[in-house]
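Before I ask anything, let me first share the structure, which is written out below as structure tokens.
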Amino acid sequence: MGLSRVRAVFFDLDNTLIDTAGASRKGMLEVIKLLQSKYHYKEEAEIICNKVQVKLSKECFHPSNTCITDLRTSHWEEAIQETKGGAANRKLAEECYFLWKSTRLQHMTLAEEVKAMLTELRKEVRHLLLTNGERQTQREKIEACACQSYFDAIVVGGEQKEEKPAPSIFYYSCDLLGVQPGDCVMVVDTLETDIQGGVNAGLKATVWINKNGTVPLMSSPTPHDTVSSVLELPALLHSIDCKVSVSA
């Protein structure tokens, strides 16, 4: 991994710095309340939301064909029709989608301790936010959690030719900061895209945030280090730099 000290940290956004999954669940709960109270859907409300969650997890977005708002409204429209039958109800689908989306964004916040960690760490290393995802969706999240001031640069996969795990997006990020891959550490919550991408690009280290103690599949990429919270990062970076000093 080379003998240089860590000069830059690439942070993933979703479920690494902000609790995207938790925010999405809160959005779904608000939709369930709406469907039950206003439209008198009983058990159907939860079934609809579960169907939408499955559709989101399998989502394939092609910006040349549609916009993300239309696609996700269609998820709700299909889920409602699959559950209730009858004619498609685009108006209700839009009401559900925008309630879910607005509630989700309201709950996408940087915790105070994360802000403090980023502020202190940035005194020593450069920061770059490197997030996969559709441009509009990711930019709305970034705006919602007001994280721009904690980073020297922000790279959204949906704005690039290739997303993680392609090495090109990592090399582009390095160029933005004027550093080499061997100077950088990637901090993420997913193994297949982010850890694999960091390994492919030859980064100094990849750090997996494993909040729930998940046991990875045997076929999964292996991170250099694993922590249970992003707040453990400063101590880990110090440890990595100490190893460099000993090697040197």
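The values are calculated or read from the model by the stated rules, or taken from the named source; none is laboratory data. All figures in this text were calculated on a predicted structure; none of them were measured in a lab. Every residue, glycine as well, gets a Cβ built from its backbone with ideal geometry; the counts of neighbours run over all protein chains shown. Ligands, DNA and RNA are excluded from the accessible area calculation, which covers all protein heavy atoms including side chains. Shrake-Rupley method; radii C 1.70, N 1.55, O 1.52, S 1.80 Å.
Which residues, counting only those in the range 155-178, are open to solvent by less than 40 Å² (accessible area, probe 1.4 Å) and touching a Ser or Thr at 6+ places or on another chain (Cβ under 9 Å)? It would help to see each step written out before you state the result.
Going residue by residue through the range 155-178, those that are open to solvent by less than 40 Å² (accessible area, probe 1.4 Å) are 155-157, 164, 166, 169-170, 173-174, 177.
Of everything in the range 155-178, those that are open to solvent by less than 40 Å² (accessible area, probe 1.4 Å) and touching a Ser or Thr at 6+ places or on another chain (Cβ under 9 Å) turn out to be Val155, Val156, Gly157, Lys164.
Of the residues that sit in the range 123-154 and are open to solvent by 60 Å² or more (accessible area, probe 1.4 Å) and assigned to a helix (DSSP H, G or I), which one is farthest from Ser24 (Cα to Cα)?
Top of the filtered list is Ser149.
Right, here's the next one. Take Pro223 and decide whether it is in a loop (DSSP other than H, G, I, E, B), closer than 19 Å to Pro165 by Cα and either touching a Ser or Thr at 6+ places or on another chain (Cβ under 7 Å) or open to solvent by less than 20 Å² (accessible area, probe 1.4 Å) (or both).
Working: in a loop (DSSP other than H, G, I, E, B): yes; closer than 19 Å to Pro165 by Cα: yes; either touching a Ser or Thr at 6+ places or on another chain (Cβ under 7 Å) or open to solvent by less than 20 Å² (accessible area, probe 1.4 Å) (or both): yes.
In short, yes.
Which residues, counting only those in the range 57-74, are touching a residue at least 24 places away in the same chain (Cβ under 8 Å) and not β-branched (Val, Ile, Thr)? Full working, then the answer.
The initial filter retains those residues of the range 57-74 that are touching a residue at least 24 places away in the same chain (Cβ under 8 Å), namely 61, 63, 67-69, 72-73.
Matches in the range 57-74: Phe61, Pro63, Cys67, Arg72.
May I pose another question? Taking the range 183-207, which residues are farther than 22 Å from Ile154 by Cβ and under 15 Å from the mean Cα position of the chain (by Cα)?
Leu191, Glu192 - these are the residues of the range 183-207 that are farther than 22 Å from Ile154 by Cβ and under 15 Å from the mean Cα position of the chain (by Cα).
Does Lys51 fit the bill of being farther than 30 Å from Glu232 by Cα and within 20 Å of the chain's Cα centre (by Cα)?
On the way: farther than 30 Å from Glu232 by Cα: yes; within 20 Å of the chain's Cα centre (by Cα): no.
No.
What pairs come up if the first residue lies in the range 26-52 and is touching a residue at least 24 places away in the same chain (Cβ under 8 Å) and closer than 19 Å to Gln106 by Cα, the second is of a type in the set (Gly, Ala, Ser) and assigned to a helix (DSSP H, G or I), and their beta carbons are under 6 Å apart, counting only those six or more places apart or on different chains?
From the range 26-52, no pairs qualify.
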